[in-house]
Amino acid sequence: MANGNVNDHYPLSQGGTEGDRLALQYIATKKAFGWAQPYPDSVDIANAHAILDLAAGSCVWILDIASHPLVRPRVRRPSSTDTDEEGIRLYACDLTAAKFPPQALFDKAGVQAFEHDVTKPFPEELYGKFDLIHMGLVVLALRPAEWAAALANVHTLLKPGGTFWSVDNDPVFHPPSESLESVERNGHGVPACMEGDTWIQKYNSVYTRTVMRNGTYYDLSFRLPDLLAQAGLTLTHARRCIGAFGRCGDIAPVLATEYAHTADNSDALHAVMANAAFARGELEAPAGHRITTVEEKEALAREMHVGVREEGAYIVLHEHVAVKN
Ligand SMILES: C[S@@+](CC[C@H](N)C(=O)[O-])C[C@H]1O[C@@H](n2cnc3c(N)ncnc32)[C@H](O)[C@@H]1O
């Protein structure tokens, strides 16, 4: 549990400033997709009665929903026994409460949060309850069998006609010179994207290699349609967009204002994965060159720091909306 994690292959930290990182990442994600509201267009939020955020982290999404004008006046507190037709109940869960905000904030927002592993069966009283389930940014957490288990749970928890909204990414850095269309057409170019001497190839030799080592998907957007279908969920909408880091304004102008914190986010992701790989004696950059000294690891971090600020990079963000028939 080197990161305070209860899941041995989840590489990100559970404490410290991780909640702040997730909050800023959420702002950038909303801008990248250009959402008019924090839920799919097809969801009739005014008539939803129960919403669940799975693997909620710091609960940034469910708290955003809680403050939405069509939701806020209708929220029923967890302690309320009202079963009126107007009411809406908000739930969030995560493997760990480590990044949850203080209980007072949940009380104010009317969110019922609990610790739960999305791959394990949920309490029966929640079966068939939800109009909308959101699960965001779990690509580094779930292996193939865990995706299957989590999506089977989603199916069980949704009402007939209920909506599942996945918002996630494919953890491979691409240079701004490579178009999103070419990635959509040709895939991520693994392993070439991890082999070579550019800063982005070195970044991927740590980042994407960690994902592959852990057995999680680096190409989740290409897998999700089948995973959803196997869980009995009907895909109704899928979209990819550019999640820019640092200087990437030419291809993602909408994210130019996020330059500083997306560059910091790139540094943070690199640091957590490089430090773990170094501790295991597996840090390589470029691929095939083993880094064995702290000085060389720090020089690599500086190269990544400069690269993201001078050139920039992007990952593929994606949203999938699916319905339980
Ligand atoms: C990158 S964070 C994303 C958090 C949040 N969804 C967001 O978009 O900001 C991934 C979250 O998944 C949680 N997680 C990892 N494995 C999980 C599991 N098996 N069940 C529930 N949560 C899990 C982690 O604790 C972490 O909070």
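Brief remarks on what is shown
- Filter result (more than 21 Å from the chain's Cα centre (by Cα) and closer than 22 Å to SER58 by Cα) within the stretch 132-156: none
- Matching residues in the stretch 290-318 - criterion: being in a strand (DSSP E or B) and crowded, with 21+ Cβ neighbours inside 10 Å: ALA313, TYR314, ILE315, VAL316, LEU317, HIS318
- Figure legend. Inter-residue proximity from the stretch 73-102: first residues at pLDDT 90 or above, second residues within 16 Å of the ligand (Cβ to nearest atom) and among the aromatic types (Phe, Trp, Tyr), beta-carbon distance below 7 Å, spacing 6+ or different chains. Indicated pairs: CYS93/PHE114.
- Among the residues of the stretch 4-47, those identified as among the hydroxyl-bearing types (Ser, Thr, Tyr) and more than 9 Å from the ligand (Cβ to nearest atom) are SER13, THR17, TYR39, SER42.
- Residues located in the stretch 25-80, provided they are of a type in the set (S, T, N, Q), part of a loop (DSSP other than H, G, I, E, B) and surrounded by fewer than 18 Cβ atoms within 10 Å (Cβ to Cβ): GLN37, SER42, SER67, SER79, SER80
- Breaking point among (1) outside any loop (DSSP other than H, G, I, E, B); (2) over 30 Å from ILE291 (Cβ atoms); (3) modelled with pLDDT under 95, for ALA263: (2)
- Looking across the stretch 116-147 at every residue that is closer than 21 Å to THR216 by Cβ and of a type in the set (D, E, K, R), the one that is farthest from the ligand (Cβ to nearest atom) is identified as ARG143.
The values are calculated or read from the model by the stated rules, or taken from the named source; none is laboratory data. This structure is a prediction, so every number in the text was calculated from the model and none was measured. Note: ideal-geometry Cβ built from the backbone for every residue, glycine included; neighbour counts use all protein chains shown.
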